[in-house]
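Just so it is clear, none of the values below were taken in a lab; they were calculated from the coordinates. Owing to the predicted nature of the structure, the values given are computational and were not obtained by experimental measurement. With ideal geometry, Cβ positions are generated from the backbone for all residues, glycine too; neighbour counts draw on all protein chains shown.
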Amino acid sequence: MTKPPTLLSLTIDTALLNLSSISDLSFLPEHILIELFLRTLRAGKLTEKILKLFVAAGKDEILTLIESLNIQLVLTPVLPTRCSEKF
């Protein structure tokens, strides 16, 4: 007989499904944040917006994990919309 999932596991699964509508993760304990990050990776749901959300949490272990996996934010260059110099 298999064990039913824990409440924590169900909560993390629900957070994963609704991650795009979450605006702050800094209140989460580090072990939950790491589990949520790993499940996000496994589910293939890590986008630039979601990565910024994890980075903004500012937890040392999650930042170290992101760095150890060599995951980097993509810096999109901003092109000028008009030239201020006269030709």
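Values as computed for the structure displayed
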read-out: Residues (out of contact with any Asp or Glu (no Cβ under 8 Å at 6 or more places or on another chain) and surrounded by 11 or more Cβ atoms within 10 Å (Cβ to Cβ)) located in the range 34-47; value: Glu35, Leu36, Phe37, Leu38, Thr40, Leu41, Ala43, Lys45, Leu46, Thr47
read-out: Test: residue in the range 24-32 that is part of a loop (DSSP other than H, G, I, E, B), touching a residue at least 12 places away in the same chain (Cβ under 8 Å) and surrounded by 13 or more Cβ atoms within 10 Å (Cβ to Cβ); value: yes
read-out: Residue in the range 17-27 that is under 17 Å from Thr64 (Cα atoms), of a type in the set (S, T, N, Q) and touching a helix residue (DSSP H, G or I) at 6+ places or on another chain (Cβ under 9 Å) present; value: yes
read-out: When residues of the range 52-72 are limited to those that are part of a helix (DSSP H, G or I) and of a type in the set (S, T, N, Q), the one nearest to Leu25 (Cα to Cα); value: Thr64
